[in-house]
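A short worksheet on the structure shown next.
The values are calculated or read from the model by the stated rules, or taken from the named source; none is laboratory data. Everything numeric here is computed off the predicted structure, so don't read it as measured data. FYI the Cβ positions are ideal-geometry reconstructions off the backbone, even for glycines, and counts take in every protein chain you see. With ligands, DNA and RNA removed, areas are computed over all heavy atoms of the protein, side chains included. Shrake-Rupley method; radii C 1.70, N 1.55, O 1.52, S 1.80 Å.
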Amino acid sequence: EPEVTQTPSHQVTQMGQEVILRCVPISNHLYFYWYRQILGQKVEFLVSFYNNEISEKSEIFDDQFSVERPDGSNFTLKIRSTKLEDSAMYFCASNRDGLGGTNEKLFFGSGTQLSVL
Amino acid sequence: RKEVEQDPGPFNVPEGATVAFNCTYSNSASQSFFWYRQDCRKEPKLLMSVYSSGNEDGRFTAQLNRASQYISLLIRDSKLSDSATYLCVVFKGAGNMLTFGGGTRLMVKP
């Protein structure tokens, strides 16, 4: 089965530093997502992206966050100035037709564990 | 009230047991429902979608009760490999995003 790949698997950074988390969605998928999961808590939606623009974002996704699809294959999440509370597992996901249709299954990557010190 | 609510467990059951998990959701307009499985520190993986008519996949049966805003998952003949956290997930029908419950942890013992 095709996979969503994420790099790096672990990222350690100092508070205030910028980080970029990278994802390669499945090649024929058109909808891309970032979710995060703080240790011991539920999975939370951050942002969805379609047709080179953000289609939906949560309250968590403030001005410190941005997403980009720079080259037609990678999908990145940038945190400009990391805070301690940004420490979490960040999951990238993709699907072909968005949600609410017949092909709405979300394929998740294996995640990037971000630790902010 | 939480948007998607689950008993966190853990449910400790012996191999071969039947176990049931429940989930309630707050938005009556919710459109699609899913059970995902998550192993420790791994990504969520789709176990099954949930339909109003109920659906079965091998040892797993899912039911949806729209009137009560309630979703269930039944696992028959539990295996050691079923030990995981089971996530109830809802698509509210607006906005391209899924809402996750906090998960129910299952531990199957020999």
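The distance between label points at B:R41 and A:S27 comes to 3.3 nm (points 7 Å beyond Cα on the Cα→Cβ vector).
The simple spin-label model puts a point 7 Å past each Cα toward its Cβ; for B:N22 and B:Y70 those points are separated by 0.5 nm. Note on surface exposure: A:V24, A:V67 rank A:V24, A:V67 by accessible area, highest first, 1.4 Å probe.
Ranked from largest, the principal axis spans of the Cα set of segment B:18-110 equal 42, 28, 18 Å. When the trypsin sites (Lys or Arg not before Pro) in segment B:35-70 are filtered for DSSP coil states and for at most 16 other beta-carbon atoms within 10 Å of their beta-carbon, the remaining sites are B:R41, B:K42, B:R59, B:R66. Compute the whole-percent fraction of alpha carbon pairs in the protein assembly as shown spaced more than 28 Å apart. Value for the protein assembly as shown (Cα pairs over 28 Å): 31 percent. With N as its number of residues, segment B:17-64 has a Cα radius of gyration that, divided by 2.2 N^0.38 Å, comes to 1.25. Chain B contacts chain A over a buried accessible area of about 1800 Å², both sides summed; the probe is 1.4 Å and only protein chains count.
Hydrodynamic radius of segment A:60-109 by the Kirkwood approach over all distinct alpha-carbon pairs: 13.0 Å.
The 1.4 Å probe gives accessible areas that order A:S110, A:S87, largest first, as A:S110, A:S87.
Which FRET efficiency, nearest 0.05, do B:A94 and A:Y50 yield, Cβ-Cβ r, R0 22 Å? Computed FRET efficiency for B:A94 and A:Y50 comes out at 0.90. Among the GluC sites (Glu not before Pro) within segment A:51-109, those in coil by DSSP and having at most 10 neighbouring Cβ atoms inside 10 Å are A:E59. Note that segment B:17-25 has calculated 3J(HN,Hα) couplings of 6, 9, 9, 10, 10, 10, 8, 10, 10 Hz, one per residue in order, obtained from phi through the Karplus relation 6.51 cos²θ - 1.76 cosθ + 1.60 (θ = phi - 60°); glycine and proline are x. Convex hull volume of the Cα atoms of segment A:35-86, normalised per residue: 92 Å³.
In plain terms, the chain from A:D97 to A:K83 could stretch by 1.7 nm, reckoned as 0.36 nm per residue minus the Cα-Cα distance. Treating each Cα of chain A as an identical point scatterer and ignoring solvent, apply the Debye formula and state log10 I(q)/I(0) at q = 0.10, 0.12, 0.19 Å⁻¹. Reported log10 I(q)/I(0), two decimals: -0.27, -0.38, -0.98.
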